1. Suppose we filter the range 290-315 for residues that are surrounded by fewer than 24 Cβ atoms within 10 Å (Cβ to Cβ) and out of contact with any helix residue (DSSP H, G or I) (no Cβ under 7 Å at 6 or more places or on another chain); how many remain?
2. Which residues, taken from the range 277-301, are assigned to a strand (DSSP E or B) and over 22 Å from residue 384 (Cβ atoms)?
3. With the checklist (1) buried (at least 24 other Cβ atoms within 10 Å of the Cβ); (2) over 30 Å from residue 375 (Cα atoms) in hand, flag the one item residue 197 doesn't pass.
4. Please work out if residue 409 is out of contact with any strand residue (DSSP E or B) (no Cβ under 6 Å at 6 or more places or on another chain) and either over 14 Å from residue 285 (Cα atoms) or at pLDDT 95 or above (or both).
5. Which condition breaks for residue 361 when tested against (1) touching a strand residue (DSSP E or B) at 6+ places or on another chain (Cβ under 6 Å); (2) farther than 18 Å from residue 3 by Cβ; (3) free of Cβ contacts under 8 Å to residues at least 60 places away in the same chain; (4) surrounded by 13 or more Cβ atoms within 10 Å (Cβ to Cβ)?
6. Just to be sure, is residue 105 at positive phi and surrounded by fewer than 24 Cβ atoms within 10 Å (Cβ to Cβ)?
7. Quick check on residue 268: is it surrounded by fewer than 16 Cβ atoms within 10 Å (Cβ to Cβ) and either in a loop (DSSP other than H, G, I, E, B) or in contact (Cβ under 8 Å) with a residue 12 or more places away in the chain (or both)?
8. Within the range 223-257, can you find the residues that are assigned to a loop (DSSP other than H, G, I, E, B), surrounded by fewer than 20 Cβ atoms within 10 Å (Cβ to Cβ) and in contact with a helix residue (DSSP H, G or I) (Cβ under 6 Å, 6 or more places away or on another chain)?
């Protein structure tokens, strides 16, 4: 059974009606399915079974404490990019020794927090960061375990805003500088060189870019070993793509894992992987209610109570997500632009969608578990939406809807 399915014409999640959840918790509302999150994580565990590995969920995809809690209970590691995400993971029961710290702009405060927590590894993205981390670690009387993130100049064949492995991207250390940076890392006090890291982009559905990147990484592992720098792990990043529409491809995790295994061969390397979207993307939906239907000549609009502050992906990436009625009703359909109430032309959830709807109907935006609520804002002084986790016949409120007054509680009038 899929995490969101129809029963007698109504959308359900496990044994809970989405209509009932919207009535109970209001809209806009994010609904997550615990079983779907756990099942997607287990795909990676099964695919890498038999080889030493650590699955480090990419917290940036969805950092809700309940999501992190569910994954921590499975034994998941975590990939973080800020001290805030570090604190979230620890609050949710994640083990510090299973945390890798990525990101191009780590501050000294964040480095210190990671060292004090005893995290597994820092994924270092520049020579300057390496030097600063060495100073911070030495000042703390310890050594920082590091992996250097390599930018292999591989085209991920994805949207340019989520491509991270080309030389024009800000991420990682270029191939031309990688060996020299490893040599420097090996001689620095306060640095313990452990691994090699690469993340070439997000929403990848083809194996070819991965295979190209993996081949370059293992070549570098071999070259480093010849120079006496032996690595213990290879971090292959994340970016595994999901199906947003029936026409989309979806990465085959088993084939992807076999691609890694073939590249690693008999080398004594633990495999680290950082999936985010794949684990939570299709495990969540956004529920929103139709406020008004209107037409401008031959263009029809469904004005809903969710907006770009709740789901910015369509405006930011021109992202497409399926939109459907929660209740199947026998009405004539027409093409609608599904838009929000924010005063921006970019405020839309989907354009030219065929829907049979009336005012006050409930709509469901599929594949909203990743890069959705986590990227929401308070633009137009709009409270962020509530979030609910469904687990069988239970539904748990895992984020309360914000109160409007709380949005300006930290602001002050002039004297």
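1. Residues flagged as surrounded by fewer than 24 Cβ atoms within 10 Å (Cβ to Cβ) and out of contact with any helix residue (DSSP H, G or I) (no Cβ under 7 Å at 6 or more places or on another chain) within the range 290-315 amount to 17.
2. Of everything in the range 277-301, those that are assigned to a strand (DSSP E or B) and over 22 Å from residue 384 (Cβ atoms) turn out to be 292, 293, 294, 295, 296, 299, 300, 301.
3. For residue 197, the failing item is (2).
4. yes
5. Evaluating residue 361 over (1) touching a strand residue (DSSP E or B) at 6+ places or on another chain (Cβ under 6 Å); (2) farther than 18 Å from residue 3 by Cβ; (3) free of Cβ contacts under 8 Å to residues at least 60 places away in the same chain; (4) surrounded by 13 or more Cβ atoms within 10 Å (Cβ to Cβ) leaves (3) as the failure.
6. Against the criterion (at positive phi and surrounded by fewer than 24 Cβ atoms within 10 Å (Cβ to Cβ)), residue 105 does not qualify.
7. The answer is yes for residue 268.
8. Residue satisfying the conditions is 229 alone.
The values are calculated or read from the model by the stated rules, or taken from the named source; none is laboratory data. Since the structure is predicted, the reported quantities are computational estimates derived from the model, not experimental observations. Positions of Cβ are backbone-derived with ideal geometry, glycine not excepted, and every protein chain shown enters the neighbour counts.
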